[in-house]
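To start, the structure itself, in structure tokens.
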Amino acid sequence: MADRLSQLRAAITRPLPLAYHPLYRFYEGGSLTRQFRGLPDRPDDWWSEDWVGSCTAAGNCDPDGRAQGMSSVDLPSIGTITLREIVEALPEEMVGAGFAERWGPITGVLVKLLSPAGPVPLHAHPNRDWARKHLDSRFGKTEAWILLETPGDGTEPAHAGIGFVPGIERDWFAGAVRRHDNQGIRSSLHRTDVHPGEVYVAQAGVPHYLGPRISFIEVQEPSDHIVIPETSGDDDAGATMGLGWDVALDMIDYTGTDAEQALGLARQQPRVLRTSHGSREVRLFGDDVLQFFDGATLEVADEIDTDDGRFAVAVVVSGDGWIEGDFGRAPIRRGQTYALPASLPFRVRAGREPLRVVRCFGPAA
């Protein structure tokens, strides 16, 4: 056991590359994600989500009945091991002593690369209190979308719906769900066109949907809790996590507001945290989100050092260059993803073109 821990400690003294990790889900997509990753082209299919640095089990199995969700890492002298195993074996080194004391040996965040081919059905996620009561889970599912590409499908622009318009009552909504009035359900939310670079947060309880052909990073609480009111009626058990509509629809926040307020709460206003050598770090989320997760972009025109003692799942959004440290120097480029241990100081240096690296963190310690 001691030898294995020593091997693990040695292995995590460098960035941990995270490979493409597709999951079988309830909607088609994935082609834009594979393009972003630099993988061979393949049409959209049901393997539509790429779970990055995940220590979270998916709520559904793959078509062969196998559990899904746990990311793995290939480590020299050890082989393939799940990220969760590493975190549980070395929590102080991986997520930091303060974070581990507050939250336990977990990363506290789930990051996905998503690119739905068509409209994603209207759905919602529970807050922590509801999840604790009905799902025996300490986490709900507030989530954020960091938009990469928004080509749309040529018929309509890429868009999202989020939050109820004024006047929607639970009884009306429940009736619409039971009679499968999906058009009415979708029209009950505010709709907005979305564009690359924008950042949105869907707080737990707030219903939302997505339009076609969007590529984005999703940052969320580490759970797979979901209720899907927009259905054909073929799988009510799956759409309600087996709870039935009477219970499941109670998780939704029926507060209606005008569009300016609803979209103003959802659309984030990133702000500069620091600058260095012509580069900067930009926080992506408002203070009210930090109890759930955090995220920042390194916008690297030259170089920038990082030693904040936080575990991160990192996504190289654009450009190329290097990541450097006591471990040496490794080339990085658009589409690559990494787990960065809290104990790992590093420098990011731009190459032929500026680099943008999004780092995704768990909640405040």
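For the pair D153 and W46, what calculated FRET efficiency results from E = 1/(1 + (r/R0)^6), where r is the Cβ-Cβ distance and R0 = 25 Å, to the nearest 0.05? Display every interim value, and only then the final one.
Details: r = 18 Å, r/R0 = 0.71.
That pair, W46 with D153, gives E of 0.90.
Given only helices, namely DSSP H runs of n ≥ 4 each adding -39500 (n - 2.57), what is the per-residue ellipticity at 222 nm of the chain, to the nearest 500 deg cm²/dmol?
On the way: 11 runs with 75 residues, N = 365.
Value at 222 nm, helices only: -5000 deg cm²/dmol.
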Next on the checklist: With θ taken as phi - 60° and the coefficients 6.51, -1.76 and 1.60, list the Karplus ³J(HN,Hα) couplings across the stretch 218-228 in order, rounded to whole Hz; mark glycine and proline as x.
Outcome noted: 9, 10, 7, 4, x, 8, 10, 7, 7, 10, 10
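Roughly how many debye, to the nearest 20, is the charge dipole of the stretch 23-129 about its Cα centre, given +1 on each Lys and Arg Cβ, -1 on each Asp and Glu Cβ, and no other charges?
Numbers: 9 positive and 15 negative charges, 39 e Å.
Dipole of the stretch 23-129, to the nearest 20 debye: 180 debye.
Keeping all protein chains in place and using 1.4 angstrom, which order do R66, R352 fall into by accessible surface area, from largest down?
On the way: R66 130, R352 215 Å².
Order by accessible area, largest first: R352, R66.
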Item to check | Dipole of the stretch 68-220, positive end: most advanced residue of G104, T82, H123 [Cβ charges, Cα centre] | outcome: H123
Checklist outcome for this item: Which residues qualify? For V111, with a placed amide H closer than 5 Å and at least 5 residues away or on another chain, they are V52
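How do C61, C55 rank by accessible surface area computed with a 1.4 Å probe, from largest to smallest? Walk me through the numbers before you get to the answer.
Details: C61 70, C55 30 Å².
My answer, sorted largest first, is C61, C55.
Want the number for V272 to D193: 0.36 nm per residue separation, take away the alpha-carbon distance, what's left?
Working: separation 79, 0.36 × 79 = 28.44 nm, distance 2.52 nm.
Working it through step by step, the gained length comes to 25.9 nm.
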Item to check | Carbon/sulfur fraction of accessible area - the chain, other protein chains in place, 1.4 Å, % | outcome: 49
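Taking 10 °C and 1.306 mPa s as the conditions, I'd like the Stokes-Einstein D for the chain in µm²/s, using the Kirkwood hydrodynamic radius from alpha carbon pairs. Working shown, then result.
Numbers: Rh = 21.1 Å.
It comes out at roughly 75 µm²/s.
Please give the direction-averaged projected area of the C-alpha convex hull for the stretch 252-364, in square nanometres with one decimal. Can you show the working numbers first?
On the way: hull surface 33.9 nm².
Mean shadow area of the hull around the Cα atoms is 8.5 nm².
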Item to check | In order through the stretch 198-208: 3J(HN,Hα) via Karplus (6.51 cos²θ - 1.76 cosθ + 1.60), integer Hz, x for Gly, Pro | outcome: 6, 10, 10, 10, 9, 5, 3, x, 7, x, 7
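Between D3 and W172, what length in nm is gained on full extension when 0.36 nm per residue of separation is reduced by their alpha carbon distance? Could the numbers behind the result be given before it?
Details: separation 169, 0.36 × 169 = 60.84 nm, distance 6.16 nm.
That pair, D3 and W172, stretches by 54.7 nm at full extension.
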Item to check | Dipole axis of the stretch 44-189 (+1 Lys, Arg; -1 Asp, Glu on Cβ), positive-most option in T142, G152, L114 | outcome: T142
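For the stretch 91-214, what does the alpha-carbon gyration tensor say about shape, rounded, prolate or oblate, given a ≥ b ≥ c as the root eigenvalues, a/c under 1.5 as rounded, and a/b over b/c as prolate?
Working: a/c = 2.87, a/b = 1.40, b/c = 2.06.
It is oblate, given that a/c is not under 1.5 and a/b is not larger than b/c.
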Checklist entry - Taking the simple approach of a point 7 Å from Cα along Cα-to-Cβ for both V165 and D136, what is their distance in nm? => result 4.2
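Find how much the distance from A67 to H180 grows on full extension, using 0.36 nm per residue of separation minus their present alpha carbon separation; answer in nm with one decimal.
Details: separation 113, 0.36 × 113 = 40.68 nm, distance 3.02 nm.
Extending this stretch completely gives an extra 37.7 nm.
About its Cα centre, how strong a charge dipole does the chain have in debye, to the nearest 20, once Lys and Arg get +1 and Asp and Glu get -1 at the Cβ?
Values: 36 positive and 52 negative charges, 147 e Å.
Dipole magnitude for the chain comes out near 700 debye.
The values are calculated or read from the model by the stated rules, or taken from the named source; none is laboratory data. All of these numbers come straight from a predicted model, not from anything done at the bench. Virtual Cβ from ideal backbone geometry, glycine too; neighbours counted across all protein chains shown. Remember, those area values only see protein heavy atoms, side chains included, never the ligands or the DNA or RNA. Shrake-Rupley method; radii C 1.70, N 1.55, O 1.52, S 1.80 Å.
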